[in-house]
Amino acid sequence: MPATLNDTKRSAIATKLADMQAIQQLIIDSEEQLLSQCNEKTLAKRLEDMLEDDRKNLEIVKTAITQYGIQSEPKESVQEMVEKAKNVNSHSEMSLYEKLAHHELLKHGQMMSGLVIHKAAQVVGKDVEAAIAPLNTVNFENRAHQERLKGMLEYAGTQELTGEEPDQGLWGRVQDAVAATTGLFGSAVSQSSEGEDVDIMDLIFMDHQKVKTLISEIRSAENSDEITSLFGQLYKDLVVHAKAEEEVVYPAVKSFYGEGDTQELYDEQEQLENILNEMKNMDNTGEPFMEKLRQVKSMVGDHTRQEESTMFAAMRNNMSEQERKQMAQQFKESKQQLQSQM
């Protein structure tokens, strides 16, 4: 049967990721508003720290969506909830304690969404697990923030009821909880390596690993439906990756990597896309399809080895760290646009 490019489970995960992005922006908006209304320095400092984390976490969510390979829109119910939450946050009659309590619920919901996506990825495929790996940092930090918010709620609530500051020992308990959480999980994925400061070589390498995982999954798939789903994702990921490289990366590296070597990369990706287009219309249960897949595996292997060795070396020697980070942002934006068009 011909392979199609859509899969219900993968689309559902894409929508959930879009929900997370919308909620992450709401969390940032909420923290900014809380800061503007908070006169207590003890609470304001902790809000500032969380806001800094959450701005980075928004970039991590965006990176995970780009690596996943499917752009989507939040559910209508989530969009409506975001608008209602903004109204709640701006309600002048709510106390600081009540607004912090509402914010803690947002954090809890965001953490659960991240965990659900992680569990769904385990069901759908290893390539999905690889793509959403950056979310580990967001999930673990939201868990730590929840513990911090519990302490802030104790502090604000005690002040509102008594007009006095609570026992400062509670901050020690909160910090112990945060340290335990981050100590166990926080190092799983480095925030700086997955957020707005990511290096272009990291993004390209992540794409390569995901594609290799997809090929392996297709080769071991047990039925045609599973192959159809996996090949659809493989096709989209490879085409988007290639076009983004041709738009952003190759023109920038040609001057120091060499016109001949750069042209070779262009040619390899054109040949690869031609084979993928042939496979779209083939019976994926037959030997001819699997033979084409073996050809794709070989070509991807040769292509990625060249990029990760000689091209990456040339980039390290001829581009500053800041230039590579700027290219990463351009590459990510190009992929997002291409994914939306497919």
Review point. Any idea which of Leu58, Leu51 is in contact with a helix residue (DSSP H, G or I) (Cβ under 6 Å, 6 or more places away or on another chain) and more than 24 Å from Met206 (Cα to Cα)?
Key: Leu51
Review point. Do we have any residue at all in segment 325-341 that's among the small types (Gly, Ala, Ser) and surrounded by fewer than 17 Cβ atoms within 10 Å (Cβ to Cβ)?
Key: yes
Practice item. Go through the residues of segment 180-200 one by one and say whether even a single one is modelled with pLDDT of 90 or more and either surrounded by fewer than 13 Cβ atoms within 10 Å (Cβ to Cβ) or within 22 Å of the chain's Cα centre (by Cα) (or both). Key: yes
Check your understanding: Inside segment 279-300, can you point out the residues that are without any contact (Cβ under 8 Å) to a residue 12 or more places away in the chain and within 29 Å of the chain's Cα centre (by Cα)?
Key -> Ser298
Review point. Taking Glu59, is it out of contact with any strand residue (DSSP E or B) (no Cβ under 8 Å at 6 or more places or on another chain) and over 24 Å from Ser77 (Cα atoms)?
Key: no
Review point. Since Leu276 meets every condition but one in (1) modelled with pLDDT under 95; (2) farther than 30 Å from Asn318 by Cα; (3) under 27 Å from the mean Cα position of the chain (by Cα), which condition does it not meet?
Key: (1)
Check your understanding: Among the residues of segment 210-225, which ones are under 24 Å from the mean Cα position of the chain (by Cα) and either surrounded by fewer than 16 Cβ atoms within 10 Å (Cβ to Cβ) or closer than 13 Å to Arg10 by Cα (or both)?
Key -> Ser216
Check your understanding: Pick from segment 1-35 the residues that are of a type outside the set (Val, Ile, Thr) and modelled with pLDDT under 90: which of them is surrounded by the most Cβ atoms within 10 Å (Cβ to Cβ)?
Key -> Ala3
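The values are calculated or read from the model by the stated rules, or taken from the named source; none is laboratory data. This structure is a prediction, so every number in the text was calculated from the model and none was measured. Cβ atoms come from the backbone with ideal geometry, glycine included; neighbour counts cover every protein chain shown.
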